[in-house]
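*Asks:* This is the structure I want to talk about, given as structure tokens.
The values are calculated or read from the model by the stated rules, or taken from the named source; none is laboratory data. This one's a predicted model, so the numbers in the text were calculated from it and none came from an experiment. We place every Cβ from the backbone using ideal geometry, glycine too, and count neighbours over all the protein chains shown. When the accessible area is computed, the model is the full protein with side chains, heavy atoms only, and any ligands, DNA or RNA have been set aside. Shrake-Rupley method; radii C 1.70, N 1.55, O 1.52, S 1.80 Å.
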Amino acid sequence: MKYILVTGGVISGIGKGIIASSIGTILKSCGLHVTSIKIDPYINIDAGTFSPYEHGEVFVLDDGGEVDLDLGNYERFLDIRLTKDNNLTTGKIYQYVINKERKGDYLGKTVQGDAKLLSCCLEMHSVFQSWLDAFVFHLHLGLLLLGGTVGDIESMPFIEAFRQFQFKAKRENFCNIHVSLVPQPSSTGEQKTKPTQNSVRELRGLGLSPDLIVCRCSTPLDTSVKEKISMFCHVEPEQVICVHDVSSIYRVPLLLEEQGVVDYFRHRLDLPIERQPRRMLMKWKEMADRYDRLLETCSIALVGKYTKFSDSYASVIKALEHSALAINHKLDIKYIDSADLEPDTLQEEPVRYHEAWQKLCGADGVLVPGGFGVRGTEGKIQAISWARKQKKPFLGVCLGMQLAVVEFARSVLGWQDANSTEFDPKTSHPVVIDMPEHNPGQMGGTMRLGKRRTLFQTKNSIMRKLYGDHDFLEERHRHRFEVNPELKKCFEEQGLKFVGQDEEGERMEVVELEEHPFFVGVQYHPEFLSRPIKPSPPYFGLLLASAGRLTHYLQKGCRLSPRDTYSDRSGSSSPDLEITELKFPSANHD
């Protein structure tokens, strides 16, 4: 078993997750089986109770694990399924240790925090070995990403754990990649190496010597800068890798591969790999080239409450990008704070109000993603109402679907006070209610989480066709509230059809509006299973409808034209290829 530890220096948010995912992609394309662990030094048990403004979105796994968004990058890049054990936090370790102490497992000995944290980190080798036993294939490589930056007090125990772990694993099985920033002040235009030097010096002082130094910079590193970093950081010039700003993240694996990363790992870790990456990396090159050649644009209004920080909707944005790329369109996301669409904003800040409505009216499609809390919900309802009346393509995800039902109840059924009990517990028309198993006394881990099966109730459904005309689908959920099943008949009589329900027929999962080009709501989060070459069906349907191509796509049996398909060859796609079905995640995602 081989291990690659990725650490970061100078600043957080430097792109360690993308770089780790890209390295995994390159090595997987060489025929290796790769998995990953993200280590977060905070004391939270998991990411479930974070505000999106803290660490970005909460990513949900098949087993219901609420984890850091970096695990979303791993899954999308490597096209693998991870579990909550792939996200390790200080809080999770402390909880494990304290529970053992309460049981008397330490036989009366003094429990020292750093020592137990260290022993738990060293057990990661056993975690990987258990995965080896669980898989039919042999797992070759584990990527370990340590969150934060070197020097943070909360990450010190993990640094010490890995200092000792490198000797347990042996040199030929362990290496360290250090990601650092090379700033280029506009006042001088000179690339500065001192931050990287200081970061590497601190890391070496803690007992870890980087094998590769990955330099994040705005422009390619000058040769003299590479040599300077090499000299003062005690590595060869070939071990200094430049990752400058590129047109899309699809170019990052290609950029790393061009600089000899494959050959370096092949020798450094004695990996049983081919000299050149195989076809999988050629798909990434094709995607990157296609991204740079896009001419047509499709605009989507993203109406939410966390629009000031794009990482709050990281998976949503990626799912939109995957779908736009699949139909050869540039994606133009118009971020709209839902509160700006409300009448109160018109009175207080009329300019912001009119700018928000101008963005909405100029978009080709409307997306209302998930969220929590009452702030901005009336603005989302206004956007949904506009999309329904103007027959604009609309997709509501989780809360977005619930609010679409609320809007329909108010506008079509005439229930003026219709609402969710989350926002108005005393409403006389509770069209959205809390689930019976929901425990309001505890917030963490109490939602309906993870992969669940949804059964289609009819064959005449747009969503069923987009999912490959299967009888069921399996997607990931994260919600506390649900559409009131007792009111289902009232909605369906007026044309709002619940075409997908859970296996017991109690939970409304997919809703479609009749006589509308594309008005769809889903209770689950389809963005979590979207992949660059396998876009999520609901998002793909939204993009097709927004580009005016959904009807043609459905008439063709859900097949794209040759120019929109990815080639199965190593080179670019060819116009001579036959019309090919787009590869979607299957109904059974196993």
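*Asks:* Among the numbered criteria (1) of a type in the set (A, V, I, L, M, F, W, C); (2) closer than 29 Å to residue 140 by Cα; (3) at pLDDT 80 or above, which one does residue 122 miss?
*Replies:* The number of the failed condition is (3).
*Asks:* Of all residues in the range 173-202, which are assigned to a helix (DSSP H, G or I) and among the charged types (D, E, K, R)?
*Replies:* 194, 201, 202
*Asks:* Looking at the range 266-288, is at least one residue in contact with a Leu (Cβ under 9 Å, 6 or more places away or on another chain) and more than 30 Å from residue 174 (Cα to Cα)?
*Replies:* So far as the range 266-288 goes, yes, one or more of its residues are in contact with a Leu (Cβ under 9 Å, 6 or more places away or on another chain) and more than 30 Å from residue 174 (Cα to Cα).
*Asks:* Do we have residue 335 as part of a helix (DSSP H, G or I) and either open to solvent by 10 Å² or more (accessible area, probe 1.4 Å) or not assigned by the TED database to the domain that holds residue 398 (or both) here?
*Replies:* Taking the combined requirement at face value, the residue does not satisfy it.
Residues are listed down the side, and each one gets a yes or a no for (1) of a type outside the set (Gly, Ala, Ser); (2) outside the structural domain of residue 397 (by the TED database); (3) at pLDDT below 95; (4) over 19 Å from residue 76 (Cα atoms):
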residue	(1), (2), (3), (4)
310	no, no, yes, no
319	no, no, no, no
339	no, no, yes, yes
349	yes, no, yes, yes
352	yes, no, yes, yes
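*Asks:* Also, I was wondering about something else. Those residues that are surrounded by fewer than 17 Cβ atoms within 10 Å (Cβ to Cβ) and either part of a helix (DSSP H, G or I) or not assigned by the TED database to the domain that holds residue 202 (or both), I need them from the range 155-172; list them, please.
*Replies:* Hits for the range 155-172 are 156, 163, 164, 167, 168, 171, 172.
*Asks:* What are the residues in the range 204-225 that are of a type in the set (S, T, N, Q), more than 15 Å from residue 6 (Cβ to Cβ) and in a loop (DSSP other than H, G, I, E, B), if any?
*Replies:* Within the range 204-225, 218, 219 qualify.
*Asks:* Check off (1) surrounded by 15 or more Cβ atoms within 10 Å (Cβ to Cβ); (2) modelled with pLDDT of 75 or more; (3) more than 18 Å from residue 6 (Cβ to Cβ) for residue 131 and give me the number that stays unchecked.
*Replies:* Checking residue 131 against (1) surrounded by 15 or more Cβ atoms within 10 Å (Cβ to Cβ); (2) modelled with pLDDT of 75 or more; (3) more than 18 Å from residue 6 (Cβ to Cβ), the one that fails is (2).
*Asks:* Do we have residue 106 as touching a Cys at 6+ places or on another chain (Cβ under 9 Å), modelled with pLDDT of 75 or more and open to solvent by 10 Å² or more (accessible area, probe 1.4 Å) here?
*Replies:* So residue 106 fails the test.
*Asks:* Could you tell me which numbered condition residue 310 fails, if it satisfies all but one of (1) closer than 28 Å to residue 48 by Cα; (2) in contact with a Ser or Thr (Cβ under 9 Å, 6 or more places away or on another chain)?
*Replies:* Against the list (1) closer than 28 Å to residue 48 by Cα; (2) in contact with a Ser or Thr (Cβ under 9 Å, 6 or more places away or on another chain), residue 310 comes up short only on (2).
*Asks:* Of all residues in the range 303-322, how many are open to solvent by less than 10 Å² (accessible area, probe 1.4 Å) and outside any helix (DSSP H, G or I)?
*Replies:* Number of matching residues: 2.
*Asks:* Right, something else. Can we say residue 585 is at pLDDT 95 or above and not aliphatic (A, V, I, L, M)?
*Replies:* Answer is no for this residue.
*Asks:* Another question, then. Got a number for residues in the range 350-387 being of a type in the set (Lys, Arg) and either touching a strand residue (DSSP E or B) at 6+ places or on another chain (Cβ under 6 Å) or surrounded by 24 or more Cβ atoms within 10 Å (Cβ to Cβ) (or both)?
*Replies:* Counting residues in the range 350-387 that are of a type in the set (Lys, Arg) and either touching a strand residue (DSSP E or B) at 6+ places or on another chain (Cβ under 6 Å) or surrounded by 24 or more Cβ atoms within 10 Å (Cβ to Cβ) (or both) gives 2.
*Asks:* Something else about it: Of all residues in the range 346-365, which are in contact with a Ser or Thr (Cβ under 9 Å, 6 or more places away or on another chain) and under 20 Å from residue 401 (Cβ atoms)?
*Replies:* 363, 365
*Asks:* Write out, first by first residue and then by second, each pair whose Cβ atoms fall under 6 Å of each other, whose residues are 6+ apart or on separate chains, and whose first residue, in the range 1-23, is over 14 Å from residue 72 (Cβ atoms) and in the same structural domain as residue 281 (by the TED database) while the second is basic (Lys, Arg) and open to solvent by 10 Å² or more (accessible area, probe 1.4 Å).
*Replies:* 6/16; 8/16; 14/216; 15/216
*Asks:* Right, another one. In this structure, does residue 222 turn out to be among the acidic types (Asp, Glu), within 27 Å of residue 252 (Cα to Cα) and either within 27 Å of the chain's Cα centre (by Cα) or open to solvent by less than 50 Å² (accessible area, probe 1.4 Å) (or both)?
*Replies:* For residue 222, the condition - among the acidic types (Asp, Glu), within 27 Å of residue 252 (Cα to Cα) and either within 27 Å of the chain's Cα centre (by Cα) or open to solvent by less than 50 Å² (accessible area, probe 1.4 Å) (or both) - is not met.
*Asks:* Here are some conditions: (1) of a type in the set (Val, Ile, Thr); (2) touching a strand residue (DSSP E or B) at 6+ places or on another chain (Cβ under 9 Å); (3) at pLDDT 85 or above. Residue 26 meets all but one. Which one does it not meet?
*Replies:* With respect to (1) of a type in the set (Val, Ile, Thr); (2) touching a strand residue (DSSP E or B) at 6+ places or on another chain (Cβ under 9 Å); (3) at pLDDT 85 or above, residue 26 is out only on (2).
*Asks:* Would you mind listing the strands (runs of 3 or more DSSP E) fully within the range 392-501 where at least 2 residues are in contact (Cβ under 8 Å) with a residue 40 or more places away in the chain, open to solvent by less than 60 Å² (accessible area, probe 1.4 Å) and closer than 16 Å to residue 381 by Cβ?
*Replies:* Once the strands (runs of 3 or more DSSP E) in the range 392-501 are filtered for at least 2 residues that are in contact (Cβ under 8 Å) with a residue 40 or more places away in the chain, open to solvent by less than 60 Å² (accessible area, probe 1.4 Å) and closer than 16 Å to residue 381 by Cβ, what remains is 394-397, 430-434, 481-483.
*Asks:* Turning to a different aspect of this structure: Among the residues of the range 226-255, which ones are part of a loop (DSSP other than H, G, I, E, B) and either among the polar types (S, T, N, Q) or under 24 Å from residue 281 (Cβ atoms) (or both)?
*Replies:* 245, 246, 247, 248, 249, 250
*Asks:* For the range 526-540, which positions are part of a loop (DSSP other than H, G, I, E, B) and crowded, with 24+ Cβ neighbours inside 10 Å?
*Replies:* Within the range 526-540, 530, 535, 536 meet the criteria.
*Asks:* Which one of these is open to solvent by less than 10 Å² (accessible area, probe 1.4 Å) and either modelled with pLDDT under 90 or β-branched (Val, Ile, Thr) (or both): 561, 573, 567?
*Replies:* 567
*Asks:* So, of the residues in the range 343-390 that are among the charged types (D, E, K, R) and part of a loop (DSSP other than H, G, I, E, B), which turns out to be farthest from residue 522 (Cα to Cα)?
*Replies:* 349
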